[in-house]
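The values are calculated or read from the model by the stated rules, or taken from the named source; none is laboratory data. Remember, predicted model here, so these are calculated numbers, not experimental data. Using ideal geometry, Cβ is built from the backbone for each residue, glycine included, and neighbour counts are taken over all protein chains shown. Accessible surface areas use protein heavy atoms only, side chains included; no ligands, DNA or RNA. Shrake-Rupley method; radii C 1.70, N 1.55, O 1.52, S 1.80 Å.
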Amino acid sequence: IGALRWHFLLQSLEDLQKNLCQLGSCLLVIQGEYESVLRDHVQKWNITQVTLDAEVEPFYKEMDANIRCLGEELGFEVLSLVAHSLYDTKRILDLNGGTPPLTYKRFLHVLSLLGDPEVPVRNLTAEDFERCRPPDLGLDESYKVPLPADLKLPSESLSPWRGGETEGLRRLEQHLIDQGWVTSFTKPRTIPKSLLPSTTGLSPYFSVGCLSVRTFFYRLSNIYAQAKHHSLPPVSLQGQLLWREFFYTVASATPNFTKMAGNPICLQIRWYEDAERLHKWKTAQTGFPWIDAIMTQLRQEGWIHHLARHAVACFLTRGDLWISWEEGMKVFEELLLDADYSINAGNWMWLSASAFFHQYTRIFCPVRFGKRTDPEGQYIRKYLPVLKNFPSKYIYEPWTASEEEQKQAGCIIGQDYPFPMVNHKEASDHNLQLMKQVREEQYR
């Protein structure tokens, strides 16, 4: 986890603590290995029940099993509840007749057999908390929400995203006010630059549990019910929640989901191993302003538009550098506020054409793609100020400007900003042939 996500998580805990205090309850944060923490506190606090979210990530599956064993040993009940997803992925897989392969179309058919997700649990009231008021445990400062300094994090977070349920609900209400926008939302038509945010930006709040995905689903259902027409899955807002559910379901039944080797749904590709090229991509030094601006926003803010994610993922993998999607996934896992085991790995396999997506001839151009929606290059000027004085006709390809024009812009290419690290046309043509060869071999 990178520093920005730690800040977001600590802010979320602070907000939860504040909201619980207003209801006469409190939040206790205990640091340590979960098994030793439970052993220490079950008898000390007379704990009779432990609840946790049912998760698909192997670490949490193992934790769930270990806590059940501890419960039998120490005499407490364990409740593992489906809360982080809309459906119980086991039920979906059972209706599908077992494990994947599972296409999105087939997935939607199975969901139609299940019906709508369970209605969200009602909000607790002050009276509920009064009945469950914790005893005076004689707690000291060690149970408070940690400060960034306690975790040796930089004290300031530069991200414009603030963690917590309060902020998540505010953003939710802000988006649902415009019911016309909600009913007409189609994912491919949104714009991949932060100066014109065109998606909900709720994913970080779902990721750490500040917002209930079911609350969002049912709020959308109510708006759709009142509209004459609305967009439909897979491009609608509800469709985006179902894509999330699709990746959760496939991840829950696929061994080694975050790896290529031993992953039964993933193409086995001999990717290049090139630490220097990977470092240039990660640190926004590719020489392609559109790509570098995206990677700069990712590092500074912890969030980028999904089409921007597509562009940098394609560039790293099948488009230009032919470097494994696993390496890109690790970078996103560290830097994204909304990093998620299932969705992160699923999308990286998709964008590298290793699984799910098979129109591998469609390659994002690192020049033309950004220019279509932002011809003046305002996004680049914001995140790469070294290029801000270039005329618009050069902002996506500053190396094509004359030496005199570069001097006037105050940026010499190759000195103040790097030359492109690859020839996109040559690299993408070569990689396309490699991908055709890989797929033909493996289909045989």
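Across the stretch 23-39, computed HN-Hα scalar couplings (Karplus, 6.51 cos²θ - 1.76 cosθ + 1.60, θ = phi - 60°) run 9, x, 10, 7, 10, 10, 10, 10, 9, x, 5, 4, 5, 5, 4, 5, 4 Hz from first to last residue, x flagging Gly and Pro.
Per residue, the stretch 379-419 exposes 52 Å² of accessible surface when a 1.4 Å probe is rolled over the protein heavy atoms with every protein chain present. Rounded to the nearest 10 degrees, the angle from helix 289-301 to the longest Cα principal axis of the chain is 20 degrees. Checked against a 20 Å cut-off, the cross-linked pairs K61/K90; K44/K144; K193/K330; K282/K382; K280/K330; K61/K259 give Cα-Cα distances beyond that limit for K193/K330. What 222 nm value per residue comes from the helices of the chain, counting each DSSP H run with n ≥ 4 as -39,500 (n - 2.57) and dividing by all residues, nearest 500 deg cm²/dmol? Result for the chain, helices only: -14500 deg cm²/dmol.
So which residue, out of H229, H358, H430, gets the largest mean-square fluctuation from a GNM of the chain using Cα contacts under 10 Å as springs? Top of the fluctuation ranking is H229.
If only the Cβ of Lys and Arg carry +1 and only the Cβ of Asp and Glu carry -1, the dipole of the stretch 214-357 around its Cα centre is close to 440 debye.
Helix 104-114 and the longest principal axis of the Cα set of the chain meet at an angle near 20°.
Which of the three applies to the stretch 1-106, rounded, prolate or oblate, going by the alpha-carbon gyration tensor with a ≥ b ≥ c and a/c under 1.5 meaning rounded? Here the stretch 1-106 falls in the oblate category. Note on the chain: with a GNM built from Cα contacts shorter than 10 Å, the maximum mean-square fluctuation among P154, P117, P255 falls on P154. A Gaussian network model of the chain, with springs between Cα atoms under 10 Å, assigns the largest mean-square fluctuation among D53, D338, D150 to D150.
The relative contact order of the stretch 275-443, computed from alpha carbon pairs under 8 Å that lie at least 6 residues apart in sequence, is 27 percent. Only the Cβ atoms of Lys and Arg (+1) and of Asp and Glu (-1) were treated as charged; on that basis the dipole of the chain about its Cα centre amounts to roughly 1720 debye.
Computed with a 1.4 Å probe over protein heavy atoms only, the accessible surface of the stretch 227-282 comes to 51 Å² per residue.
Helix 58-74 and the longest principal axis of the C-alpha atoms of the chain enclose an angle of approximately 10°. Ranking V110, H230, V213 by Cα position along the charge dipole of the chain, where only Lys, Arg, Asp and Glu carry charges on their C-beta atoms, puts H230 farthest toward the positive end.
Counting only protein heavy atoms and a 1.4 Å probe, tell me what percentage of the chain's accessible area is made up of carbon and sulfur. Carbon and sulfur: 52 percent of the exposed surface of the chain.
Rounded to the nearest 20, the Cβ-based charge dipole of the stretch 275-443 about its Cα centre (Lys and Arg +1, Asp and Glu -1) stands at 320 debye. Each Lys or Arg adds one and each Asp or Glu subtracts one; over the other residues with Cβ under 14 Å from the Cβ of M435, this totals +1.
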